[in-house]
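Accompanying notes for the structure given below.
The values are calculated or read from the model by the stated rules, or taken from the named source; none is laboratory data. Keep in mind the model is a prediction, meaning the values are calculated, not measured. For neighbour counting, all protein chains shown are included, and Cβ atoms are generated from backbone atoms with ideal geometry for every residue, glycine included.
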Amino acid sequence: MSSINIPSILHRKSISLGRPAQTAFELFMIAFVFIYLLPFYIMVTQAFKTPQEILFNPTGLPSHLYFDNIQIVWAKMQYLRAFFNTFVLTALSVLGIAVVSAMCAFPIARGKSRAYTLLYYVLISGLLIPFYMTLSPLIKLMKDLGFMDNLIGISLAYIGRGVPFAVFLYVGFMRTIPGEVLEAGIVDGCSPLQLFWLVAFPMLVPVTTTLIILNSLWTWNDFLFPLLTIQYKANRTLTLAQYIFHGENATQWNLTFASYLICILPLLVIYFALQRNIIAGVAAGAVKQ
């Protein structure tokens, strides 16, 4: 009588029982990806349709590529001017957040005094305050300081809002840096400022890249704050410039989707170029707190 290998039977049964669940999970993920990509499909297809084709064929592919939408949007938005304003505002904000937060986090992460711990908790407490709760006093303060319609003044508001989260990431990441590395810099005669810029800051590339991506997305796509602080047409950002295609009684959907398309392309390039560092930077920043 042949012997029965019970473990092998159980193993085969466990595999057979796992396949339906795995198949269901894969189907669910495919459906999720389809739902997630559907808005992008709608945006791209509608951007190259005529108004009549959008009305009679809203979900299908365009019968031919109608590039006039891009040309009209480019001219009406004054795209290059709006792009320049958005780029300057984003660059100033992201650079300010990175530099100010890193310099604040360095003594907090390496200091042993309770004062540094208290300062750390004061800074990250800004994460608990909703942005919209501070909007009214912030707008009044900017009016009093003459920062309205001023890209530098508006960037200062973004820097103040972005510092708490950036300090949280930087402090956690700096606490993972071996103390021997910094001690070697001190032995070599580095001043505190040189120790930060020449030794510590070059090691912050992963978390800095993460902050650049996250804050660039936030600043570039923000609509409400520029709407409340920018009045002159020459200072409009891309989000404000594309809002001209939305009317009180009607919306030019072909132009609206075309404006969406040309506004997100720069961000897509930045994201795909730097995406490898997002997960690594966030995970590293949250390791030790």
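Remarks
- When restricted to residues that are under 17 Å from GLN231 (Cβ atoms), within 21 Å of the chain's Cα centre (by Cα) and not in a helix (DSSP H, G or I), the range 125-172 contains 0.
- Residues of the range 184-224 satisfying the condition of being under 15 Å from TYR170 (Cβ atoms) and not aliphatic (A, V, I, L, M): PHE196, TRP197, PHE201, PRO202, PRO206, THR208, THR209, THR210, ASN215
- Per this entry, LEU224 is not counted among residues that are at pLDDT 85 or above and surrounded by 13 or more Cβ atoms within 10 Å (Cβ to Cβ).
- Whichever residue in the range 21-72 is out of contact with any Phe, Trp or Tyr (no Cβ under 6 Å at 6 or more places or on another chain), in a helix (DSSP H, G or I) and among the polar types (S, T, N, Q) and, among such residues, is farthest from THR251 (Cα to Cα): GLN22
- Unique residue being outside the structural domain of ILE264 (by TED's automatic domain parsing), of a type in the set (A, V, I, L, M) and under 18 Å from ILE262 (Cβ atoms) when the list is ILE30, ILE42, ILE35: ILE42
- Just one of the listed residues (THR239, THR219) is in contact with an Asp or Glu (Cβ under 9 Å, 6 or more places away or on another chain) and assigned to a helix (DSSP H, G or I), and it is THR239.
- Residues of the range 61-83 that turn out to be loosely packed, with under 14 Cβ neighbours inside 10 Å and of a type outside the set (A, V, I, L, M), as a count: 5
- In the range 125-147, the residues that are within 19 Å of ALA166 (Cα to Cα) and in the same structural domain as LEU169 (by TED's automatic domain parsing) form Cβ pairs under 8 Å with partners that are surrounded by 15 or more Cβ atoms within 10 Å (Cβ to Cβ) and among the basic types (Lys, Arg), at six or more places apart or across chains, as follows: GLY126/ARG161; PHE131/ARG161.
- Some residue of the range 202-217 being more than 18 Å from GLN71 (Cα to Cα), more than 21 Å from the chain's Cα centre (by Cα) and surrounded by 13 or more Cβ atoms within 10 Å (Cβ to Cβ): yes
- The lone exception for TYR66 - which of (1) touching a Lys or Arg at 6+ places or on another chain (Cβ under 9 Å); (2) without any contact (Cβ under 8 Å) to a residue 12 or more places away in the chain; (3) over 30 Å from GLY172 (Cα atoms) it fails: (2)
- Verdict on LEU92 being in contact (Cβ under 8 Å) with a residue 60 or more places away in the chain, out of contact with any helix residue (DSSP H, G or I) (no Cβ under 6 Å at 6 or more places or on another chain) and either surrounded by 18 or more Cβ atoms within 10 Å (Cβ to Cβ) or of a type outside the set (S, T, N, Q) (or both): no
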